[in-house]
Every structure is written in structure tokens, then in C-alpha cells.
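The values are calculated or read from the model by the stated rules, or taken from the named source; none is laboratory data. All of these numbers come straight from a predicted model, not from anything done at the bench. Positions of Cβ are generated from backbone atoms using ideal geometry, with glycine treated the same way; all protein chains shown enter the neighbour counts.
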């Protein structure tokens, strides 16, 4: 009897973890019929949609970690670009949502390794730029409001 209870408890725990498990939030919103973005203009407490592009320059292959509508880390061929439309509701606009890109190392012209250059563009305007290299912040980060 105690063994049967243990098995039932394990099955219940597995079902609960599956139901509450993590997944791609954008995909889940799309499956639920919730828009992932909409071209609603901002006014007062309304939503606002931004077109955001993350870019990493350079040549060759490198790792790139990013935080946009989804988070990820990829091994990519440079130059690299990822764009998405982000819609912020009134609360998110007050607090702000951080978008970022962290480029991995690349071979510099002096033969040493350093960070690849990066930029963030919002609605066609460059808002952050890091030249990369051996000095600098080695990431690009911006708060949308």
C-alpha cells in the first residue's frame, strides 16, 4: 500500500510539473490566442509596440546571448542580427523592459581575442552601440519604456 501511494504521488507531481512547465512564452501566448504584438499606438495607458533589432558585427563564428522577446544563446556566423516586435502594456512601460545582447569573443585585427561589436536599434534609431575589442563594456543593453 505505501508503494502505491508513492507511485500515485510521483505521477501527480509529474502531471503538475508538466502542466506548469516552462516553455516559449511567445509560443504559449500565440497558442492561447493572445497577441504577441500589435501595432497599437501609445497614448496614456495604452500598449506601445516597438521594432527592436539586436546586431553583432565581426567576421567568423562566435557565441551570442540575447534577451529580446525570448532569451537565448546561440553559436552564430557573424555578422548576426535578430529583430522582433515587442508590445509593452502600460505597467511594462512604467517599469521598463530590458533588451540586451552579449557578443562572444572574436579575433581582433591585432591577432588577440576581444568582444565583437554590438548595437541595439529601436524603431530604426540606434540607441546603444559598443565598439567591442579588448576595452569596453562588451555588451549592449537598453530599457524600453
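The table that follows gives values for the structure above.
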quantity	calculated
Whichever residue in the stretch 55-108 is touching a helix residue (DSSP H, G or I) at 6+ places or on another chain (Cβ under 9 Å) and not in a strand (DSSP E or B) and, among such residues, is surrounded by the fewest Cβ atoms within 10 Å (Cβ to Cβ)	70
Residue 121 being in contact (Cβ under 8 Å) with a residue 40 or more places away in the chain and surrounded by fewer than 18 Cβ atoms within 10 Å (Cβ to Cβ)	no
Failed item in (1) over 17 Å from residue 119 (Cα atoms); (2) surrounded by 11 or more Cβ atoms within 10 Å (Cβ to Cβ); (3) more than 14 Å from the chain's Cα centre (by Cα); (4) at pLDDT below 95, with residue 45 passing the rest	(2)
Output for the stretch 118-138, where each listed residue is assigned to a loop (DSSP other than H, G, I, E, B) and modelled with pLDDT under 95	131, 132, 134, 135, 136, 137, 138
